[in-house]
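The next block holds one structure in the form of structure tokens; read it before the comments.
The values are calculated or read from the model by the stated rules, or taken from the named source; none is laboratory data. Here the structure is a predicted model, which is why all the values come from computation and not from measurement. Because the Cβ atoms are built from the backbone with ideal geometry, glycine has one as well, and the counts that use them run over all protein chains shown. Keep in mind that these areas ignore ligands, DNA and RNA; they rest on the heavy atoms of the full protein, side chains included. Shrake-Rupley method; radii C 1.70, N 1.55, O 1.52, S 1.80 Å.
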Amino acid sequence: MRLYVNIDHVATIREARKTDEPDPVQAAAAAERAGADGITVHLREDRRHIQDADVIALARSVKTVLNLELGAHAEIVRLATRLRPVPFQATLVPEKRQEITTEGGLALRTGDRRLKDAIARLQGAGIRVSLFIDPTLKTIDVARELGVPAIEMHTGRYAHTWKRGDAALKALTRAATHAKQIGLAVHAGHGLTYQNVKPVAAIPEIEELNIGHSIVSNAVFWGLEEAVRRMAQLVKG
Ligand code: PXP
């Protein structure tokens, strides 16, 4: 099992002030020092958190794997293919401007020209492509037909319902088994927290988890005392 750490929300805090801290490049290095196997960022069309310059800097600085999440927008696909070194992985996600976060998986169709074109361009640049999809067998079969090596299962339904029963966990397990059987690498993520991650991490077919919001949220508390202590020292001498 690999843990990829999504650092979008480090940039969210920076963009709230349009300043230069906190720096996602520093966050990526800290995550790697702590054992992250990869760094995930989502370059959204509206650039609400991660900026083009962050992706370019991360492509140079990340020592593990850069997993770039992106919608199938020609302009962003072009940027991904021009990164040097190329990111190891690109995860295509659906994107709606109004959404707070990625609310569901891609509605896959084999005839989707825009998606097929994005996959072809990314793969042509030597990038490993993954598709962010809901954990249904039919969608997984379409992902296979689209010729990608990997899928990321959206764990949002599980994250919303895990306290009330195990139906969503069962669906994830079934989907992971099927995907692996037909030759896809299985990733998962969205809404995973310190409280709900264990059962998903225990699904043997899943080899990569992408986790962001909960890690950055808890980092605030695990780092706040030290940050106040250092400022108090400066202010009070
Ligand atoms: N995977 C994908 C494809 C995502 O879009 C996101 C959210 O940006 C995540 C994983 C991480 O989700 P969370 O921030 O809820 O851990």
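Among residues other than residue 168 with Cβ under 15 Å from its Cβ, the summed charge is +4 (Lys and Arg +1, Asp and Glu -1). For the range 134-198, applying the loop criterion from DSSP together with a ceiling of 15 other beta carbons within 10 Å to the chymotrypsin sites (Phe, Trp or Tyr not before Pro) yields 194. Plainly put, the range 116-160 has a radius of gyration that is 1.04 times its Kirkwood radius, both from alpha-carbon atoms, as the Rg/Rh ratio. Where a Cα-Cα gap under 25 Å defines reach, which lysines qualify for residue 138, not counting those fewer than 8 residues away within the same chain? Cα-Cα hits under 25 Å: 96, 116, 170, 180.
Taking 72, 176, 227 in turn, the Gaussian network model of the chain (Cα-Cα springs below 10 Å) assigns the largest fluctuation to 227.
Pop out the carbon and sulfur fraction of the accessible area of the range 1-46 as a percent, whole number, probe 1.4 Å. Accessible surface attributable to carbon and sulfur in the range 1-46 totals 48 percent. To put it simply, the accessible area of the range 69-165 at a 1.4 Å probe is 51 percent carbon and sulfur.
Accessible area ranking (1.4 Å probe, heavy atoms, ligands and nucleic acids excluded), largest first, for 88, 221, 132: 221, 88, 132.
Among 105, 191, 183, the largest mean-square fluctuation in a Gaussian network model of the chain, built with springs joining Cα atoms closer than 10 Å, belongs to 183.
Taking 84, 157, 17 in turn, the Gaussian network model of the chain (Cα-Cα springs below 10 Å) assigns the largest fluctuation to 17. Taking 82, 144, 109 and ordering them by how much accessible surface each has at a 1.4 Å probe, largest first, produces 82, 109, 144. For residue 233, neighbours were defined as the other residues whose beta-carbon sits under 13 Å from its Cβ, and their charges (Lys and Arg +1, Asp and Glu -1) total +1. Of all DSSP bridge pairs formed entirely within the range 1-99, close to 0 percent run antiparallel. In this structure the amide hydrogen of residue 49, modeled in the peptide plane, comes within under 5 Å of the amide hydrogens of 44, none closer than 5 places in sequence on its chain.
Solvent exposure of the chain amounts to 53 Å² per residue of accessible area, where only protein heavy atoms count and the probe is 1.4 Å. Largest accessible area first, the residues 153, 1 order themselves as 1, 153 under a 1.4 Å probe with ligands, DNA and RNA left out.
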